[in-house]
Each structure stands twice: as structure tokens, then as C-alpha cells.
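Please treat every number below as a calculation from the coordinates, not as lab data. In this text the structure is predicted, and so the values were computed from the model without any measurement. Backbone-built Cβ (ideal geometry, glycine too); neighbour counts: all protein chains shown.
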Amino acid sequence: MIFYLTYNDQPSGVYWSQVTDVVAHLNTLGGARVRLLALISVRGFRANRRKIRAHSPDAIVLPMVPRLKHWRANAAWVNLMCRRSRPTGIMARGALATVLALRARDRGLVKQVCFDARGAYAAEWEEYRLIDDDALVAMMAQVEREAVQRSDMRLAVSHALVDHWRGRFGYDRADHVVVPCALAASHLSDPGDPAETRQSLGFAPDDVVLAYAGSAAGWQSFSLLERSVSAILAMQPRVKVLFLSPPDPAIEALVANWLGRALRMWVKPAEVHGVLNACDHALLVREDTVTNRVASPTKFAEYLACGLPVIISAHIGDFSGLVHRQALGTVMVDSHDLPPLERPSAGERRRLREYAMTHFTKAAHDAGYRRVLGRLSS
């Protein structure tokens, strides 16, 4: 048996896509059973445990020790579960979870640990101050270094992330696989009638609708997005933009300044697929930071799966180069130089969807997953 360990990750659409869907998929590949071990906040614990177990019925969900500065104390939970279940390996999501798993390995409670790295953690904390505590921000660099250097196997979301490890942490091995953020199960379902959805949103047949779907986290670069979208709207009168996001001052300013052409709404994760299918292009515009240079934004695959060409910044993980090489949209250097946007043809949308299904489903990366499972089973 193998544990998939998460620490301080709360239930969300991303959690279902990147955790519970992954655990379910790994269990279709044969070999050792994979079981989710989730350490979550005591706030709303019972409700969140029910949500997680609704997606992963045999998950072990435990209350983490409160406050991030006490994260090391959660090693006691991991050690106890390892003593009870005797897993051969732990696949750990994130640097903190990986170091907790390494402590169990140091005690001889598990043989193998895989660092499931979703980004550059130290850089993210430094650039976006996810924690307003200088000591914890400095600590993350050491934690990530240990996760990179001491793990038996590593799963990275981009080749750019592996290059970052080589430069910052001196990683010089080949014990890793690269699996980009893949499609959630909800994006493999029937999206419904896009024309009907489009009409319900108030868009005319000749409108060119740009879509943004995601959180309001700092790396989403909403100030840059506001400037870029304003330039596009000013130069291209047929263009409208739809934000599927929480409230944010930059987005609210766009909505106020471009009445009827910039709209914001929030829908349930399961409904995003249907709404995106009614749009024409997608926006993936972010500032040039280490966090974004190594990223594998989940929405990239989701946009393609909806047949949307992606308007992307020039420095986002492996994806900017991929967009250029495979004609998956437009690499935008300057919003003022963006060519006139048109609604993509049915054939073009079909090509983009097929590309997503070929390259961004979890099954497309079974070889990499099997390599990780083989290592953790030994």
C-alpha cells in the first residue's frame, strides 16, 4: 500500500483535480493500492472530511496541528499512520508534506518517498508573501531543498521546474518524471449546448468572448491582466471578456470601466466547463516571476479542452513555448500588438480539444505514474 499525503490543503476544485482524481486514477493502474492521507485544518474539519471522503471514500482525514509554525508536529500523525498501515511508500503533495514523509522514512516506517511538486515553493513564498512571517519564508527554502535533494523520486509539473531545482538546489539526478497539471474529471463530461449557454450569458453571435477562470491569488497578476484587457477592449470593439473568478479590485475596475463588455461571475467548479465552451479565447496573462516561469496552470488544459485558443504570456512554464510550437493560441508580448481576434472555427476548436485529450488527460501520463508507483512499491 502507498499513501498519498496532503498537508494543509483544503477541499476545492483544484483538490479534486490534483488529489482525489489522481488517487483514483493511480488505483486503475494495477499494483499497490494508493490511499489518501489528508491532514486538514481543524476549522470546518467535519464538513471538509465529509467532502473529501465523498470523492475518496477510503481516505484517512485527520486534523492537523493548528498554526503553520507548528507544522513539524504533524510528523506524529504521519508516523502513527505508517505504523498502523505499513505503507511501502509515500507520495507527498508539496514540500512540507514531503519533509513530514521523509521524517517517517528516517524512522524506518516507510521505505520510499516521492516529492509531488506543484511549483517552486520557496520562490512563491518569497515573491507573493503567502505567509507574512520572515522566519517561515526563510525556512521554506530549506524545506524545499530537503524535499528536492533527499526524496527517492520526484514528480514535477514542468521541465522548467526541474531546471529551477538544478539551478537553485543543485539537483543533479534523473529520478523524476514530468506530469503537467491534467484535466479534472468534470472537464471530460458533456458541456451541454454552447449556443444556449452563450445566449443565456447575453453574448451576441458576433461577439468575440475572452475567458478567464481562476482564483484571485497574487500570481494571477490581476493588475497586469487589467491593463492588458483594457488595451484589447480599446483596440478591438467586438471583444468582450468574462471573468469566472472571485471579486478583486482590478477586475471590478474593469467591469465598471467597460460596462457590458467586461463581466464577472462565479460558478461551481462542475459548471466551469460548460461556460468556457461558450467562449472563444482564453486568457493566461501573468507577470514574469520565478513562480510563473515554472508553473503548470491547471486552466491551460481546461481551456484547450473547451476548444479555446490561449492568449498566454511569454514565460509561463513549458506552456508558452508549446503554444508557439503547436499553434495553440497566441504568445502575447504586448497587448497593443495582439492581432485582431476572431471566433475560432469548429475545426479549430475540435483540433484544440483533441490536443488536450491526447496530452492532458491523466491517462496520457500513465508511463510516468507507473514509474513513480514502481519506485514507491519497492
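Worth a mention:
- Under 5 Å, built H, 5+ apart or other chain: amide partners of Arg35: Ile2, Phe3, Tyr4
- Label-to-label distance, Ala253 versus Lys69, with points set 7 angstrom from Cα along the beta-carbon direction: 3.5 nm.
- Evaluated over the chain, the Cα radius of gyration and Dmax, each in Å: 21.1, 65
- Protection proxy ranking of 265-275, 18-28, by the mean of other Cβ atoms within 10 Å over each peptide's residues and highest first, is 18-28, 265-275.
- Cα-based equivalent ellipsoid, segment 185-359: semi-axes from gyration tensor eigenvalues, Å: 21, 20, 16
- Other-chain or far-sequence residues with amide H under 5 Å of Ile131's (modelled H): none
- Burial ranking of peptide ranges 2-8, 144-150, 66-72 (average Cβ count within 10 Å, highest at the top): 2-8, 144-150, 66-72
- Stokes-Einstein D (µm²/s) once Rh is taken as the Kirkwood radius of segment 224-292 over alpha-carbon pairs, at 25 °C in 0.890 mPa s: 187
- Projected onto their three principal axes, the Cα atoms of segment 114-186 cover extents of 36, 35, 18 Å, largest first.
- Sequence-ordered 3J(HN,Hα) estimates for segment 199-207 from the Karplus curve with 6.51, -1.76 and 1.60 and θ = phi - 60° stand at 5, 5, 7, x, 8, 7, x, 9, 5 Hz, glycine and proline given as x.
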